[in-house]
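Down below is the structure, laid out as structure tokens.
The values are calculated or read from the model by the stated rules, or taken from the named source; none is laboratory data. Owing to the predicted nature of the structure, the values given are computational and were not obtained by experimental measurement. Cβ placement follows ideal geometry from the backbone for every residue including glycine, while neighbour counts extend to all protein chains displayed.
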Amino acid sequence: MTEHQPWRRILFLSLFVSFFFYSASVYTSGTALTGVPNASESAYRGQALYRENNCTACHQIYGLGGYMGPDLTNIVIDMEKGPEYAAMFIEEGTDRMPNFDLNSEQVADLVAYLEYAGAAGAYNPQKGRMTWYGTVEYERD
């Protein structure tokens, strides 16, 4: 039994090293956004405002968040809506959405964040269907 131990150790070490390099490769290559410009300072400020005002409690970005309000991922880049549409709701609120009394610079920052979110990816839950095992499959254009 002891004569096989060196081979087991070599096999274990080679599997460990392979797993390490594979994990590093997947982690570094899978997180890069290609074709998306870097977020502006305004978008970063808008993201901070989005978090501070707990917009996620009611709204979603990329399908993550609350369900009381609409998904905001592509609201600004939508041809029928656009930045002015989003700014109007952010400035005025609605009967279900409070008016946060944001100044014009803060509104512009939130719109810049939503623009970046839309440029970084698309999310349209109407085109997806739930599978029996709990994931969502999407129609590809």
Exercise. Looking at Gly69, is it in the same structural domain as Ala119 (by TED's automatic domain parsing), outside any loop (DSSP other than H, G, I, E, B) and touching a residue at least 24 places away in the same chain (Cβ under 8 Å)?
Worked result: no
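Taking the stated definitions as given, is Ala120 closer than 30 Å to Glu137 by Cβ, at pLDDT below 90 and not β-branched (Val, Ile, Thr)?
yes
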Problem set entry | the range 66-93, residues that are under 16 Å from the mean Cα position of the chain (by Cα) and under 12 Å from Gly118 (Cα atoms) | Asp71, Leu72, Thr73, Asn74, Ile75, Val76, Ile77
Seminar exercise, completed: Inside the range 86-103, the number of residues satisfying the requirement of being under 14 Å from Cys58 (Cβ atoms) and not in a loop (DSSP other than H, G, I, E, B) is 2
For this session: Filter the range 62-115 down to residues that are in contact with a strand residue (DSSP E or B) (Cβ under 9 Å, 6 or more places away or on another chain) and not aromatic (Phe, Trp, Tyr), then give me how many there are.
Result: 9
